[in-house]
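Inspection log for the structure reproduced underneath, given as structure tokens.
The values are calculated or read from the model by the stated rules, or taken from the named source; none is laboratory data. Keep in mind that what you see is a predicted model, and the values were worked out from it rather than measured. Methodologically, a virtual Cβ is constructed for each residue, glycine included, from the backbone with ideal geometry; neighbour enumeration extends over all protein chains shown.
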Amino acid sequence: MDTVVRINKVEIQNIKNVRYGKFEGNYSYDVYSLENEVIETKQADMLGFYGQNGSGKTAVVESLALLKQLLNGEFLPSVEQRLIYSGEKKASLSVQFTIILNNRRIYTTNYQAILVYSDLYMGVLEEKLTFKQNIKGSRPKSILQYKEQVLSKVPLQKEKDWVKAHTIAIYQGNSMIFNRKLQSMYFPTLPLVEAEIIQALQDVFAKNLLIIPNEHTGVVGKHLLIPTVEPDMKYESIDLNENQDLNEKQENINILKPFIIKETEISALKQTLEINNMILGRLIPNLHIELLEYGLEKDERSSVYNARVELLSCKDDRRLPLRVESAGTLKIFSVISALIAFYKQENACVVIDELDAGIFEYLLGEILESLQSEAKGQLIFTSHNLRALEVLPIKNIWFTTVNAHNRYTQMKYVREVNNTRNRYYEAIQVDGLPEKLYVNTDISSIKRAFRKAGRVND
């Protein structure tokens, strides 16, 4: 792959219940020492977040979802979502990337956005994008900066157009740097490398950033169910190859009920199910998913034939609607296509909230251990199930703390022979780390609370 983009570091300030938090990835690569040419990544980049309920794990997922919206120039979340820390007026999101262009040039790129609430939506108050080539003697350079309603590098002759487009962008709550209309004004003035970096962030990273919130179990992106097809296979309206965007199709499919797809998409969906069943049958023995076709319906507006279909769960001689399966089975099916993308595509960045929801503990460990050794992409997940602490290197695990001003931490000086799970329990019980990981609960007070609640209305 010519261009690779990975998250190196994320800093969050005043988002959800995080006053301040910072975490880092583990991306590494081999290079030719003489020509600085990248050979391959050394390993999959996996980050797991663990901690008490309400301690800031989901804030990681929501911050990365916010990053995706910024880079895509989309509407930012509404005021009703309450992403900014209660009582604060501003929030900040800073992300450092490693960008490899043309398999040779390596850049460290930093993006920061300061966010505020307008009347209905979150808006951008300030933005900054800088980069530094990873060679000796290179210094950081500014690509673009937006501050006090002025965006650097917009030509004077475009000033009238800027005022109009800027007003619309403010109303829509868009990023000023990544807004496509504003880009048409400054893009021609950028040096080639700066334009390449912006394109890499938007057209490679953002479009391959897959966010799967926990509440979306049972909802699967259509681009994952009707995904990449081989170049020599011809499907009308589907011509994606392996290295194209994962988010080419943005619609979601609710697998908990019958749904409608184009007639020309049936073959691609069946192909996806065949691939997914290769893995599903290993995770849940003898289980596979089939497609039930109810028939075709003609769309009178477009004269295109659509198919009404439903997914069936099949095991031995039993065939039932997938929707009646357990929460764990639905979770596995909901994320399996995204995990396949993480496995095979170097630019896939998959973010899953509560990866473990409903999944048997030992099975979760088997999945993570398999992916850790061979996957090519980047996986960021939250979990309560501690099995991952036994199979992943300690550097891949981040723990939430009770300190809102320092939400994320790692365990230091833990040897590979140590049981990280036991070490985590010890840290909870005796506060053995610089930051406290758990707000103490007392079993006696919990019992009293249940007894008291049980007596109400007796």
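Worth pointing out:
- Inspection of the stretch 437-458 identifies at least one residue that is at pLDDT 85 or above, in a loop (DSSP other than H, G, I, E, B) and not hydroxyl-bearing (Ser, Thr, Tyr).
- Within the stretch 5-25, residues that are in the same structural domain as Gly51 (by TED's automatic domain parsing) sit with their Cβ atoms under 6 Å from residues that are in a loop (DSSP other than H, G, I, E, B) and buried (at least 23 other Cβ atoms within 10 Å of the Cβ), at 6+ positions apart or across chains, in these pairs: Asn17/Gly56; Val18/Gly56; Val18/Arg407; Gly21/Arg407.
- Residue list for the stretch 1-18, restricted to those being of a type in the set (Ser, Thr, Tyr) and in contact with an Asp or Glu (Cβ under 6 Å, 6 or more places away or on another chain): none
- Listing of helices (runs of 4 or more DSSP H) fully contained in the stretch 155-219 that carry 2 or more residues being touching a Pro at 6+ places or on another chain (Cβ under 9 Å): 180-186
- Test: Leu115 is under 21 Å from Gly73 (Cβ atoms), surrounded by 13 or more Cβ atoms within 10 Å (Cβ to Cβ) and under 24 Å from the mean Cα position of the chain (by Cα): yes
- Scan of the stretch 389-404 for residues that are farther than 14 Å from Leu371 by Cα and among the aliphatic types (A, V, I, L, M), ordered by number: Leu389, Ile394, Ile397, Val402, Ala404
- A single entry from Lys132, Lys141, Lys68 fulfils the requirement of being touching a Pro at 6+ places or on another chain (Cβ under 8 Å) and either assigned by TED's automatic domain parsing to the domain that holds Phe23 or free of Cβ contacts under 8 Å to residues at least 60 places away in the same chain (or both): Lys132.
- Restricting attention to the stretch 388-423 and to residues that are more than 28 Å from Ile336 (Cα to Cα) and either β-branched (Val, Ile, Thr) or surrounded by 23 or more Cβ atoms within 10 Å (Cβ to Cβ) (or both), the residue that is modelled with the lowest pLDDT turns out to be Val417.
- Selection within the stretch 347-368: residues that are of a type in the set (Asp, Glu) and buried (at least 21 other Cβ atoms within 10 Å of the Cβ). The member of this set that is modelled with the lowest pLDDT is Asp356.
- Residue count, the stretch 1-60 (criterion: at pLDDT below 90, surrounded by fewer than 16 Cβ atoms within 10 Å (Cβ to Cβ) and closer than 30 Å to Val402 by Cα): 2
- Trp398 falls short on exactly one of the conditions (1) part of a helix (DSSP H, G or I); (2) under 21 Å from the mean Cα position of the chain (by Cα), and that condition is (1).
- Pairs with Cβ under 7 Å, 6+ apart, first in the stretch 341-353 and outside the structural domain of Ala375 (by TED's automatic domain parsing) and under 18 Å from Gln202 (Cβ atoms), second hydroxyl-bearing (Ser, Thr, Tyr) and modelled with pLDDT under 90: Glu346/Thr41
- Within the stretch 371-387, considering residues that are within 19 Å of the chain's Cα centre (by Cα) and in a helix (DSSP H, G or I), the one modelled with the lowest pLDDT: Gln372
- Considered as a group, the residues in the stretch 78-97 that are free of Cβ contacts under 8 Å to residues at least 12 places away in the same chain and among the small types (Gly, Ala, Ser) include one that is surrounded by the fewest Cβ atoms within 10 Å (Cβ to Cβ), and that residue is Gly87.
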